[in-house]
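Novice: One structure is given below, represented as structure tokens, and several questions about it will come after.
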């Protein structure tokens with residue numbers, strides 16, 4: 001039975017996880033597309049930022065997908081009277097939910113590693129990569145009669161086409177060499193931005209170079225075709241961005257615990273305490289999500305609709321917002337995490353278990369040892385005594 005239930009829950013869990021992850025990532029993907037298009041970054045940078053976002057949204061999508069998948073399986077089994085057949089054969093609703101609860105416990109361990117270790121590193125890597133992408137320097141998408149300015153080069157063109165890669169009537173002021181300044185004009189220019197992030201190349205056709213030196217007369221050089229590298233690599237020095245650990249959300253669970261005992265420079269103790277208890281409470285609540293789904297998925301006889309999934313969604317969202325509000329109270333108002341974080345967690349767990357007990361028939365059913373039949377008294381020939389008397 002356990003293998004059957006787990007096989008049934010895998011397809012809806014995969015579909016629900018993919019749908020929830022796509023919905024959560026969609027808005028952020030549009031922001032990344034706009035930013036990378038404006039800065040001329042490559043698709044390699046985009047996929048790097050996307051991979052750093054996955055752990056954060058996976059922590060949000062995992063409980064939702066688990067709730068939806070367990071709810072759909074129990075709802076289908078209840079509608080097809082499979083739950084009735086199992087309970088009639090002596091299998092309780094608690095035994096039916098057991099493999100889902102054990103799976104939730106396994107997901108809780110995975111969530112602890114996700115919340116406590118993977119997300120802090122992924123959050124820092126995303127912010128670092130976003131900083132590098134937004135400060136990459138030149139962009140290949142130029143516009144007509146507009147100046148593109150970097151530290152050493154000023155570039156403009158009378159007209160631009162082919163998505164900013166083909167230039168006409170180009171003017172460049174290059175003062176990368178501090179001893180002189182070069183003024184370059186060309187009839188045409190072709191701009192190439194390599195995908196590997198190397199220096200940008202500009203091929204110029206039919207132009208003139210005027211070199212102006214303070215202590216010498218200007219020199220003029222004509223050319224038919226020349227190539228210039230007008231941008232440094234789209235990579236910044238590692239020291240250009242801060243180190244990990246500026247905020248408590250970038251610290252792992254051992255680092256938060258060490259910071260609470262010995263202090264951490266630049267981060268308040270209340271913020272580290274709130275972050276630590278918030279992560280632990282979210283992890284502890286995950287095994288109770290399948291219990292909530294099993295309790296709300298049952299379909300009563302002659303019942304057409306079931307608002308259980310909406311109730312489960314409202315319950316999970318309310319619980320998550322309550323934990324976030326409790327974390328804010330601990331961080332800013334120095335309240336006890338036992339009162340504003342762990343008490344809502346205990347209430348959530350009690351509500352989930354209570355709803356399952358109610359679905360199973362109440363506390364009396366849970367405590368009752370089951371109906372007992374009076375012992376049959378057999379006669380010498382093996383027949384019940386009442387049946388023997390009736391035949392006589």
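Novice: When only alpha-carbon atoms are used, what values of Rg and Dmax, in angstrom, describe segment 1-108?
Specialist: Here Rg and the maximum Cα pair distance are 19.3, 66 Å.
Novice: What ranking, highest mean first, results for peptides 181-187, 218-224 when packing means the other Cβ atoms within 10 Å averaged over each residue?
Specialist: 181-187, 218-224
Any read-out appearing in this document is the output of simple, stated calculations on the displayed coordinates, not a laboratory observation. Everything numeric here is computed off the predicted structure, so don't read it as measured data. Don't worry about glycine lacking a Cβ; one is built from the backbone with ideal geometry, like all the others, and counts go over all protein chains shown.
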